[in-house]
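Here's the structure we're looking at; comments come further down.
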Amino acid sequence: MNLRARCVLLSISICLSACYFSKEHYPAHDLIPGLVMPVTLNTDTTTLFINDFLVNEQWMDSFHISPSLKGTLSTDKKKLLIEARKTDSRLNNLRLYAQGYYYDILLKQSPKIEVQIHYKPSTVEKMPHSVELASELNGWTPANTPFTKQNDEWVCTLYLNPGHYQYQIVIDGKWVLDPANTQRADNNVGGFNSLLNVGNDDRTNFPQLITDTFNSHEITLTALNQPDSVFAYWQNFRINTNLQGGKIRLNIPETAKQMKESWLRVFSYNKLGESNDVLVPLSMGNVVESTDKLTQNDKYKTILYFLMVDRFKDGDPGINKSLNDKRVSSKADYQGGDLAGITQKIKDGYFTRLGINCIWISPITQNPWTAYQEYPQPRRWFSGYHGYWPITFTTIDKRFGNDAALDTLVANAHKRNIKVILDFVSNHVHQENPLYKNHPEYFTPVDLPDGRKNIRLWDEYRLTTWFDTFMPDIDYSKPEVVKLMVDSSVYWIKRFNLDGFRHDATKHVPEVFWRALTKKLKEDIIIPQHRDLLQIGETFGSRELIASYVSSGMQDAQFDFNLYFDARSVLAQDNTSFILLKNSMISSFNYYGWHSLMGNITGNHDITRFISLAGGAMTFQENDKEAGWSREIKVESPVGYYRLMQLQAFNMTIPGIPVIYYGDEIGEPGANDPDNRRMMRFDMLSQEEMNVKSVVERITNLRDHSMALLYGDIDILACTDTYLIYARKYFNNSVIVLFNKSRQGDKISITLPDYIKLKNPKALMGHNLDFTNNTLTLEMSAVSFDIIQ
């Protein structure tokens, strides 16, 4: 770049730091598909991969960054290093220049706080040889977080986001509660952990953004607790805002009137912290007022249903082939479900009546024809009925159907506006897979230097551990392996017109694969075909670990297991306070955003059915895997069905994608794998099961037709040990959600904030209500919920 060009660029950059663009300068074809997710910076240096935003980094001309940050672009333009500096600015903007246009990315300063945990032996105790931390922060793997000895005590220094964290101290291998911390939390398995409270989770004085009014050219938001600064974006372009007297006004760009769908996003902060964020969909430049104006591509309207192919419905008995191996229990053998069975239920309207618009099907690649024995005790024998033992990458298991069967399934789903995403296994193969036979060097070694087998060491060897002795772990340090697996994944989308992936074992696969896959999907499908694909992943771990895979260059979302486990603890037990769930909600919003696509699950195939705990058939303390083998698990108490309805209502009314695990729409019980994978029942349901299904249909229908539940701001209005109340508000559309977990009925009253206006409110579940002087009073029955609009 010559000197004159550099001077021009410098003058433009200086102007942009103060005024952005005074008139529109948007490209006809956006080089960045979708909405760029905000980037949360590290406390020191953050590496941004340019391919996360621009699929071709050579398109990039230059960048401009806020003065409070320092940016350095690598010579090959592949990486941008951002160095954080001490500043009061919690939000900043990064602008990338590419092919004569600019694109803006919101940068969030790290909210992490330095925290120290001290352990000092008493005068009667010997000085230990080692002290370690076991915590949800490190996957409960003590070796990952050692203490440091300082004189007569041991110190562990951590940098943590505000929130609540459970932990124990491990002293010479013995796990103990922190003797210096009296705060405790139920660990859900019959004991307690020490509880570390970090920062201030009281958002009373944080800024709060509320959708207010709009017209054909302008949107107005109410800003409570005056923000210090506001950042607003249309698509991936920062736009001007006008903040005066507690009101934020922003103009809708003229270019938006040429687009079938686009979005406005608004963020703000003050000296205490960040506000919630606001997300407003536009159609041809107009604020979307009703859900019928949202396109089928809109991911925020997704209601996802997860089914296991072999356990859903047998539509083609002619292809059934169980192992008939005496070593394999019928619970762990093929039971006949197939692609044709799924198609039958699509065609008879089952999913449509249930309110489902996206189906996630378990893996369908060819699995072995014989049984295999698990490595750990009790060393039972299993078949590959679940699909997670691939011996091929691009052929369909003959027990599930063939290419024509999948074509028929997808065509029938799309005809009814139902998307289909495929569960793809990228972490491992089965030992019968030709890739392992021909290229053993493409896989990580199973034997560790210390003589142990690298089997199921989920956190200690997270990126190399094998799931079993017959499931080699793929080594992604080799570029040729990355390319092979990316091409195998993309094949399914191209060949069968699928709508995305559920990604298995995300945390066990290196980031290089996720970035390469997403880049390939953008290059080959998303950009040239103007399609949107959903990528949602599975990670058991801390919110920080889960969030590390949610970005514009990797996955759209993950399943929010932490929120689910807290919801399960609160809703399935009498004595666990709603305050735990409220704090968990706020932690998730802080990590993933207030309008994320995180999956809010009713359960899945790897954990005990919710109703088995909520209905008293099982306890949190017992061995849930063995229970499924040793006794018949039923719903022992009818209260379980009401608690399951509460969980369904919770998932359907908070931000994110609600996910129903097959059978949870009727309250199918079950212990852990494989008892939680029983054959689906469609007939001969009990009255309680039909009641659950009816309620699920009502709340999915409400969600599908409510802009407040899809895009509304969320405000937790009240929370006690036994009840929780929150509001969703989208301009003039408001919904109030109430939960009573007490075994007794209760009259609950809440005076609504002035910004929430209800006219002739009605209770979805029929509780008696009174609405006087903006005070809402409901006579709630025991273990119940209601949704008021």
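Restricted to region 360-395, and to residues that are assigned to a strand (DSSP E or B) and over 28 Å from the mean Cα position of the chain (by Cα), which residue is surrounded by the fewest Cβ atoms within 10 Å (Cβ to Cβ)? Write out each step before concluding.
Filtering region 360-395 for residues assigned to a strand (DSSP E or B) gives 360-361, 365, 372-373, 381-382.
Now drop any that are not over 28 Å from the mean Cα position of the chain (by Cα), which leaves 372-373, 381-382.
Values: 372: 19, 373: 13, 381: 17, 382: 22.
So, considering only residues that are assigned to a strand (DSSP E or B) and over 28 Å from the mean Cα position of the chain (by Cα), the one surrounded by the fewest Cβ atoms within 10 Å (Cβ to Cβ) is 373.
Give the number of residues within region 106-129 that are over 28 Å from residue 57 (Cα atoms), in a strand (DSSP E or B) and of a type in the set (D, E, K, R).
If we filter region 106-129 for residues that are over 28 Å from residue 57 (Cα atoms), which is where we start, we get 111-129.
Okay, now just the ones that are also in a strand (DSSP E or B), so 113-119.
Still in the list and also of a type in the set (D, E, K, R): 114.
Adding up the residues that qualify gives 1.
In region 242-291, what residues are open to solvent by 10 Å² or more (accessible area, probe 1.4 Å), over 23 Å from residue 33 (Cα atoms) and free of Cβ contacts under 8 Å to residues at least 40 places away in the same chain?
Of everything in region 242-291, those that are open to solvent by 10 Å² or more (accessible area, probe 1.4 Å), over 23 Å from residue 33 (Cα atoms) and free of Cβ contacts under 8 Å to residues at least 40 places away in the same chain turn out to be 242, 243, 244, 245, 246, 247, 249.
Find the residue count for region 494-517, including only residues that are open to solvent by less than 10 Å² (accessible area, probe 1.4 Å) and closer than 17 Å to residue 597 by Cβ.
Number of matching residues: 6.
Output the residues belonging to region 410-448 that are part of a strand (DSSP E or B) and crowded, with 18+ Cβ neighbours inside 10 Å. Give the steps one after another, and end with the answer.
In the first step, residues of region 410-448 are kept if they are part of a strand (DSSP E or B); the result is 419-424, 428, 443, 447.
Answer for region 410-448, where residues must be part of a strand (DSSP E or B) and crowded, with 18+ Cβ neighbours inside 10 Å: 419, 420, 421, 422, 423, 424, 428, 443.
I'd like the full set of residues that are open to solvent by less than 60 Å² (accessible area, probe 1.4 Å) and either part of a strand (DSSP E or B) or more than 24 Å from residue 504 (Cα to Cα) (or both), limited to region 317-350.
Listed by number, the residues that qualify are 319, 322, 323, 325, 328, 329, 345, 346, 349, 350.
Those residues that are farther than 30 Å from residue 712 by Cβ, not in a helix (DSSP H, G or I) and not basic (Lys, Arg), I need them from region 619-656; list them, please.
619, 620, 621, 622, 623, 632, 633, 635, 636, 637, 638
Does residue 314 count as farther than 30 Å from residue 383 by Cα and open to solvent by 10 Å² or more (accessible area, probe 1.4 Å)?
Values: farther than 30 Å from residue 383 by Cα: no; open to solvent by 10 Å² or more (accessible area, probe 1.4 Å): yes.
In short, no.
Please pick out the residue among 635, 639 that is out of contact with any Lys or Arg (no Cβ under 9 Å at 6 or more places or on another chain), of a type in the set (A, V, I, L, M, F, W, C) and open to solvent by 10 Å² or more (accessible area, probe 1.4 Å).
Working: 639 fails: out of contact with any Lys or Arg (no Cβ under 9 Å at 6 or more places or on another chain).
So the residue among 635, 639 that is out of contact with any Lys or Arg (no Cβ under 9 Å at 6 or more places or on another chain), of a type in the set (A, V, I, L, M, F, W, C) and open to solvent by 10 Å² or more (accessible area, probe 1.4 Å) is 635.
Kindly evaluate residue 252 against the criterion of being touching a Cys at 6+ places or on another chain (Cβ under 8 Å), within 26 Å of residue 552 (Cα to Cα) and at pLDDT 95 or above. Even if it seems obvious, please write down each step before you answer.
Numbers: touching a Cys at 6+ places or on another chain (Cβ under 8 Å): no; within 26 Å of residue 552 (Cα to Cα): yes; at pLDDT 95 or above: yes.
Considered against the rule, which asks whether it is touching a Cys at 6+ places or on another chain (Cβ under 8 Å), within 26 Å of residue 552 (Cα to Cα) and at pLDDT 95 or above, residue 252 comes out as no.
Could you list all residues from region 475-498 that are outside any helix (DSSP H, G or I) and not basic (Lys, Arg)?
In the first step, residues of region 475-498 are kept if they are outside any helix (DSSP H, G or I); the result is 475-478, 497-498.
Result: 475, 476, 477, 497, 498.
If residue 229 satisfies all but one of (1) surrounded by 16 or more Cβ atoms within 10 Å (Cβ to Cβ); (2) closer than 21 Å to residue 710 by Cα; (3) out of contact with any Pro (no Cβ under 7 Å at 6 or more places or on another chain), what's the number of the condition it fails?
The single condition residue 229 does not satisfy is (2).
Looking at region 197-225, which of the residues that are closer than 30 Å to residue 182 by Cβ and open to solvent by 70 Å² or more (accessible area, probe 1.4 Å) is modelled with the lowest pLDDT? Quick ask: steps written out before the conclusion?
Filtering region 197-225 for residues closer than 30 Å to residue 182 by Cβ gives 197-206.
With open to solvent by 70 Å² or more (accessible area, probe 1.4 Å) added as a condition, the list becomes 197, 200, 202, 204-205.
On the way: 197: 92, 200: 80, 202: 83, 204: 90, 205: 93.
Residue satisfying both the conditions and the ranking: 200.
Which of the residues spanning region 60-105 are modelled with pLDDT of 95 or more and not in a strand (DSSP E or B)?
Scanning region 60-105 gives 74, 75, 76, 77, 78.
Just for region 449-464: of the residues that are within 21 Å of residue 437 (Cβ to Cβ) and in contact (Cβ under 8 Å) with a residue 40 or more places away in the chain, which one is least open to solvent (accessible area, probe 1.4 Å)? Spell out the reasoning first.
Taking region 449-464 first, the residues within 21 Å of residue 437 (Cβ to Cβ) are 453-455, 464.
With in contact (Cβ under 8 Å) with a residue 40 or more places away in the chain added as a condition, the list becomes 453, 455.
Values: 453: 81, 455: 16 Å².
Among those residues, the one meeting the criterion is 455.
Results for (1) within 30 Å of residue 752 (Cβ to Cβ); (2) small (Gly, Ala, Ser), shown as yes or no for each residue.
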| site | (1), (2) |
| --- | --- |
| 616 | no, yes |
| 621 | no, no |
| 645 | yes, no |
| 652 | yes, no |
| 656 | yes, yes |
| 675 | no, no |
| 679 | no, no |
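Could you list, ordered by first residue, the pairs with Cβ atoms under 7 Å in which the first is in region 401-417 and in contact (Cβ under 8 Å) with a residue 60 or more places away in the chain and the second is open to solvent by 60 Å² or more (accessible area, probe 1.4 Å) and in a helix (DSSP H, G or I), at least 6 apart or interchain?
412/347; 416/352
May I ask you to say which residue of 272, 282, 243 is in contact with a Ser or Thr (Cβ under 6 Å, 6 or more places away or on another chain) and within 30 Å of residue 89 (Cα to Cα)?
Details: 272 fails: in contact with a Ser or Thr (Cβ under 6 Å, 6 or more places away or on another chain); 243 fails: in contact with a Ser or Thr (Cβ under 6 Å, 6 or more places away or on another chain).
Just a single option satisfies the conditions, and that option is 282.
Is it true that residue 74 is crowded, with 20+ Cβ neighbours inside 10 Å and either among the polar types (S, T, N, Q) or in contact with a helix residue (DSSP H, G or I) (Cβ under 9 Å, 6 or more places away or on another chain) (or both)? Show your work before the answer.
Numbers: crowded, with 20+ Cβ neighbours inside 10 Å: no; either among the polar types (S, T, N, Q) or in contact with a helix residue (DSSP H, G or I) (Cβ under 9 Å, 6 or more places away or on another chain) (or both): yes.
In short, no.
Anything in region 106-127 that is within 30 Å of residue 177 (Cβ to Cβ) and either open to solvent by 70 Å² or more (accessible area, probe 1.4 Å) or modelled with pLDDT of 95 or more (or both)? List them, or say none.
Start the filter on region 106-127 by keeping residues that are within 30 Å of residue 177 (Cβ to Cβ), which leaves 110-127.
114, 115, 116, 117, 118, 119, 120, 123, 124, 125, 126, 127 - these are the residues of region 106-127 that are within 30 Å of residue 177 (Cβ to Cβ) and either open to solvent by 70 Å² or more (accessible area, probe 1.4 Å) or modelled with pLDDT of 95 or more (or both).
Considering 537, 500, 553, which residue is touching a Lys or Arg at 6+ places or on another chain (Cβ under 9 Å), modelled with pLDDT of 95 or more and on the phi > 0 side of the Ramachandran plot?
Details: 537 fails: on the phi > 0 side of the Ramachandran plot; 553 fails: on the phi > 0 side of the Ramachandran plot.
Criteria check complete, one pass: 500.
Only one residue in 701, 672, 691, 733 is polar (S, T, N, Q), touching a helix residue (DSSP H, G or I) at 6+ places or on another chain (Cβ under 6 Å), open to solvent by 30 Å² or more (accessible area, probe 1.4 Å) and modelled with pLDDT of 95 or more. Which one?
Details: 701 fails: touching a helix residue (DSSP H, G or I) at 6+ places or on another chain (Cβ under 6 Å); 672 fails: open to solvent by 30 Å² or more (accessible area, probe 1.4 Å); 691 fails: touching a helix residue (DSSP H, G or I) at 6+ places or on another chain (Cβ under 6 Å).
Of 701, 672, 691, 733, the one residue that is polar (S, T, N, Q), touching a helix residue (DSSP H, G or I) at 6+ places or on another chain (Cβ under 6 Å), open to solvent by 30 Å² or more (accessible area, probe 1.4 Å) and modelled with pLDDT of 95 or more is 733.
Looking at region 499-553, which of the residues that are among the basic types (Lys, Arg) and outside any helix (DSSP H, G or I) is nearest to residue 457 (Cα to Cα)? Step through it out loud before you land on a result.
Keep residues of region 499-553 that are among the basic types (Lys, Arg), which gives 502, 507, 515, 519-520, 522, 531, 543.
After this cut, where a residue has to be outside any helix (DSSP H, G or I) as well, the list is 502, 531.
Values: 502: 23, 531: 38 Å.
Checking each candidate, the answer is 502.
I'd like the full set of residues that are under 24 Å from residue 210 (Cα atoms) and open to solvent by 100 Å² or more (accessible area, probe 1.4 Å), limited to region 743-767. I'd like the intermediate steps shown before the answer.
From region 743-767, those under 24 Å from residue 210 (Cα atoms) are 749-763; that's our starting set.
Passing the criteria: 754, 757, 759, 760, 762.
Going through region 196-223 one residue at a time, which ones are part of a strand (DSSP E or B), under 29 Å from the mean Cα position of the chain (by Cα) and without any contact (Cβ under 8 Å) to a residue 60 or more places away in the chain?
Within region 196-223, 197, 221, 223 meet the criteria.
The values are calculated or read from the model by the stated rules, or taken from the named source; none is laboratory data. Nothing here was measured: the structure is a model prediction, and the numbers come from that model. Cβ: placed from backbone, ideal geometry, glycine included. Neighbour counts: every protein chain shown. These area figures cover heavy atoms from the full protein model, side chains too; ligands, DNA and RNA do not enter into them. Shrake-Rupley method; radii C 1.70, N 1.55, O 1.52, S 1.80 Å.
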